[in-house]
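What follows is one structure encoded as C-alpha cells, with my remarks underneath.
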Amino acid sequence: MKFIIIAVHVSVCIALIMIVLLQRGKGADMGAAFGGSSQTVFGSGGATSFLHKVTTVAAIIFMLTSLGLSFFYGRVGTSSIMEGVPHTEVPAATSTETPAKTGETQ
C-alpha cells in the first residue's frame with residue numbers, strides 16, 4: 001500500500017512540474033497591455049484552460065498522497081533508551097523538623 005502511494009506521489013510530482021512549466025505566465029501579455037490590445041492584465045482571463053484544470057486535479061492528488069504518506073509514516077512505534085534500565089524507587093525525604101510557620105518568631 002505504501003509503495004503504491006509513493007509511486008503515485010512521485011508520478012504526480014513529475015506531472016505537476018511538467019504541467020506548470022507548460023503554462024504561460026500571467027505576465028506574458030504585459031507588453032501587449034500597454035499597446036491597449038489586451039484585457040487580461042488587470043481583469044479576468046476568461047474561461048479556465050484545460051491545463052489549469054489538470055493542474056488543479058494534480059495538486060489535489062499531490063496533497064492527498066502527501067497526507068496519506070504522513071499518516072502511514074507518522075505512526076512509527078516509539079522507543080526509549082531507558083527501556084532496559086530497572087525501575088528503582090527513590091525514598092521520600094523524611095524529616096523530623098517541622099517547618100516554621102510564617103509569622104512565628106524563633
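The values are calculated or read from the model by the stated rules, or taken from the named source; none is laboratory data. The model shown is predicted, which means the values in this text are computed figures rather than measured ones. Note: ideal-geometry Cβ built from the backbone for every residue, glycine included; neighbour counts use all protein chains shown.
Within the stretch 51-72, the set of residues being among the aromatic types (Phe, Trp, Tyr), farther than 17 Å from residue 23 by Cβ and touching a residue at least 24 places away in the same chain (Cβ under 8 Å) comprises 72 only. Do we find a residue being modelled with pLDDT of 85 or more and either touching a strand residue (DSSP E or B) at 6+ places or on another chain (Cβ under 9 Å) or among the aliphatic types (A, V, I, L, M) (or both) anywhere in the stretch 69-84? Yes: one or more hits. Flag not set for residue 44, criterion: of a type in the set (Ser, Thr, Tyr) and at pLDDT 60 or above. Restricting attention to the stretch 52-90, the residues that are polar (S, T, N, Q) and farther than 18 Å from residue 11 by Cβ add up to 5.
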